[in-house]
Amino acid sequence: MKNRLKVLRAERDWSQAELAGQLDVSRQAVNAIETGKHDPSLPLAFRIARLFQMPIEEIFDDGHD
């Protein structure tokens, strides 16, 4: 699944470790999501959306219209 997590994180000048700390996940988990190797669980996707104050659909793209 494509996502804008890396861009959103960079806009806030957060490291992967800083974002991971705010989401209560490992830095490796953040890296895996950013690179598309792993899709976040639904609860984690909601936490990410709340943190960035954006709808989930604006952060994650499943490739379907």
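The values are calculated or read from the model by the stated rules, or taken from the named source; none is laboratory data. Fair warning: this is a prediction, and the values are worked out from it, not measured in the lab. Cβ: placed from backbone, ideal geometry, glycine included. Neighbour counts: every protein chain shown. Side chains are part of the model used for accessible areas, which takes the heavy atoms of the whole protein and leaves out ligands, DNA and RNA. Shrake-Rupley method; radii C 1.70, N 1.55, O 1.52, S 1.80 Å.
Taking label points 7 Å from Cα along the Cα-to-Cβ direction, residue 6 and residue 41 give a separation of 2.6 nm.
Of the accessible area of the chain, computed with a 1.4 Å probe over protein heavy atoms only, carbon and sulfur atoms account for 49 percent.
Under 5 Å between amide hydrogens, built in the peptide plane, is the criterion, and for residue 3 it picks out 61 among residues at least 5 positions away or on other chains. Accessible surface calculations at 1.4 Å, restricted to protein heavy atoms, place the range 6-65 at 66 Å² per residue. Diffusion of the chain by Stokes-Einstein, at 25 °C in a medium of 0.890 mPa s and with Rh set to the Kirkwood radius over alpha-carbon pairs, works out to 210 µm²/s. About its Cα centre, the dipole of the chain is roughly 240 debye, where the only charges are +1 on Lys and Arg Cβ and -1 on Asp and Glu Cβ.
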